[in-house]
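Please read the structure below before turning to the comments.
The values are calculated or read from the model by the stated rules, or taken from the named source; none is laboratory data. Predicted, not measured: the structure shown is a model, and the values here were computed from it. Virtual Cβ from ideal backbone geometry, glycine too; neighbours counted across all protein chains shown. Just so you know, the surface numbers come from the protein's heavy atoms only, side chains and all, with ligands and any DNA or RNA stripped out. Shrake-Rupley method; radii C 1.70, N 1.55, O 1.52, S 1.80 Å.
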Amino acid sequence: MTDTIAAQSASAPVYTVTQERKVVTAIPGPKSQELHERRRAVVSDGVSSALPVYIERANGAILVDVDGNQFVDFGAGIGVTTVGHTEANVVAAAASQLQDVIHTLFTITPYEEYVRVAELLAEHTPGTFAKKTVLVNSGAEAVENGVKIARKHTGRRAVAVLDHAYHGRTNLTMAMNYKASPYATGFGPFAGDVYHAPSSYPYRDGLSGPDAAARTIAYLEKVVGAADLACLVVEPIQGEGGFMVPADGYLTTLQGWCTANGVVMIADEIQSGMARTGRFYASEHFGWEPDLVLSAKGVAGGLPLAAVTGRAEIMDASQPGGLGGTFGGNPVACAAAVAVFEAIDRNGLLAEAERIERTLKSGLAKLAERYDIIGDIRGKGAMVAIELVQPGTAITEKQPNPEAVSQIVAFAAQRGVLFLNAGTWGNVLRFLPSLAVTDALIDDALTVLDDAFAALG
Ligand SMILES: *Cc1c(COP(=O)(O)O)cnc(C)c1O
């Protein structure tokens, strides 16, 4: 079965759902509304849903809901189904692994799939030095482990992050996020020794990479002191913060300072990694070779898996037994991850990400000529965003316009396009499709986006 599916997808991807947008009911439809009522009785109100349509099937770049509506998915579960929903090779690999062994616990009796994923991560993360990996279940858990390892290696306590960062919802990562609401409000007390340094945000600060880095370093030296700093955790392209692409030279200058001062610099590539930006890891765009790299979201095609990968001497700092967890590196998730790496190569997905960037950015540039509330178009590969500002302020004041983003997201949902918002002020519209999204689907979605801007009045 594996061979048949692999042979088919070697030529052209085979889709089990037509790759088209289709709206056949009001959104949400009656069946979704019924499910939503059931959910409200039993699912915590603390868990929200951006669009309460209940999904029955998904394939390629399309979500099908219980009422038969088909959505063009520009969220991909926040950059998780990067190789496409239910990608044939991933499905086959996971299904086959389910027959063989589902769980042993790697820390009791190991298995090859875990080792294979570690080999693939060592090969594909930036830098040619010796690397090692620990596998865990979620992005936040990867962040927690990266910090643990850096502290153990350095014998230092302080953790630095950047303004506009997002790192998760566990206790430590809540303290590492920039935005309190909704991620932290009322959930304290929080972990201490976490410091928030200024970032590089070219649209708003206008600083060169070296100047922005000098500002970050000045903050760290004054407020923390290099001698107490275990690690600096940085998203090479910030995700929830709004897809800010740092100015050239920013990340490498910071890495130089970290290396000179014995600080472990950690790339949180949880959203930007796994071919998303047209490179295996976004750090490569900036010539950055981080000490540790965090992978999650896209790594296993939709199954829960995350990793910390990095310099062997740092990764080996922990005492045996200090790292791990019951489900970390689950065999089914690992088998899926191996298939994801294969799918990226076989389906030429790095080039597909670049195609998506070209198509999206040229379409968005045309819209920006007509709608002056589009203040900025930015991103790399299939990680592109527009930042919206108040009418007439685009050039000068750049006042955030979250209302327009909310209205556009709501309008597009009614037409069968799923867009996500982002940004510290909620004024960023992000495009984070699977790399299976065709130019025809992007053009179709851009038409809906055009209508959405026109409807703003
Ligand atoms: C999503 C995300 C996380 C947290 O990952 P979870 O799997 O949700 O815990 C951390 N960092 C970045 C950059 C993310 O996008």
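Of note:
- Filter result (open to solvent by 20 Å² or more (accessible area, probe 1.4 Å), in a loop (DSSP other than H, G, I, E, B) and within 15 Å of the ligand (Cβ to nearest atom)) within the stretch 299-324: Gly302, Pro304
- Filter result for Ala404 (under 20 Å from the mean Cα position of the chain (by Cα) and assigned to a helix (DSSP H, G or I)): no
- Only residues that are over 16 Å from Glu235 (Cα atoms) and not in a helix (DSSP H, G or I) were counted in the stretch 170-193, giving 15.
- When residues in the stretch 136-161 are screened for being of a type outside the set (Lys, Arg), open to solvent by 30 Å² or more (accessible area, probe 1.4 Å) and within 16 Å of the ligand (Cβ to nearest atom), 4 of them pass.
- Evaluating Phe327 against the criteria (1) crowded, with 23+ Cβ neighbours inside 10 Å; (2) not in a helix (DSSP H, G or I) leaves one unmet condition, (1).
- Asp376 being open to solvent by less than 60 Å² (accessible area, probe 1.4 Å) and either charged (D, E, K, R) or assigned by TED's automatic domain parsing to the domain that holds Val136 (or both): yes
- In summary, Trp425 fulfils each of the numbered conditions (1) among the hydrophobic types (A, V, I, L, M, F, W, C); (2) part of a strand (DSSP E or B); (3) in contact with a Pro (Cβ under 7 Å, 6 or more places away or on another chain) with the single exception of condition (2).
- Thr133 vs. criteria on the phi < 0 side of the Ramachandran plot, touching a strand residue (DSSP E or B) at 6+ places or on another chain (Cβ under 7 Å) and either more than 15 Å from the ligand (Cβ to nearest atom) or open to solvent by 10 Å² or more (accessible area, probe 1.4 Å) (or both): yes
- In the stretch 73-127, the residues that are on the phi > 0 side of the Ramachandran plot and either open to solvent by less than 50 Å² (accessible area, probe 1.4 Å) or in a loop (DSSP other than H, G, I, E, B) (or both): Ala76, Gly79, Gly84, Thr86, Leu105, Gly127
- Test set (1) closer than 16 Å to Ala337 by Cβ; (2) away from the ligand (no atom under 16 Å from the Cβ); (3) in contact (Cβ under 8 Å) with a residue 40 or more places away in the chain; (4) assigned by TED's automatic domain parsing to the domain that holds Pro304 - Ala93 fails condition number: (4)
- Screening the stretch 204-298 for strands (runs of 3 or more DSSP E) wholly inside it with 1 or more residues that are open to solvent by less than 30 Å² (accessible area, probe 1.4 Å) and more than 16 Å from the ligand (Cβ to nearest atom) returns the ranges 229-234, 264-268.
- Scanning the stretch 382-417 for residues that are crowded, with 23+ Cβ neighbours inside 10 Å and at positive phi returns a single hit, Gly416.
- Pairing each residue of the stretch 149-175 that is of a type in the set (Asp, Glu) with any residue that is open to solvent by 20 Å² or more (accessible area, probe 1.4 Å), provided the two are 6+ apart or on different chains, yields C-beta distances under 9 Å for Asp163/Tyr178; Asp163/His196; Asp163/Pro198; Asp163/Thr424.
- Test: Val143 is within 18 Å of the chain's Cα centre (by Cα), assigned to a strand (DSSP E or B) and at negative phi: no
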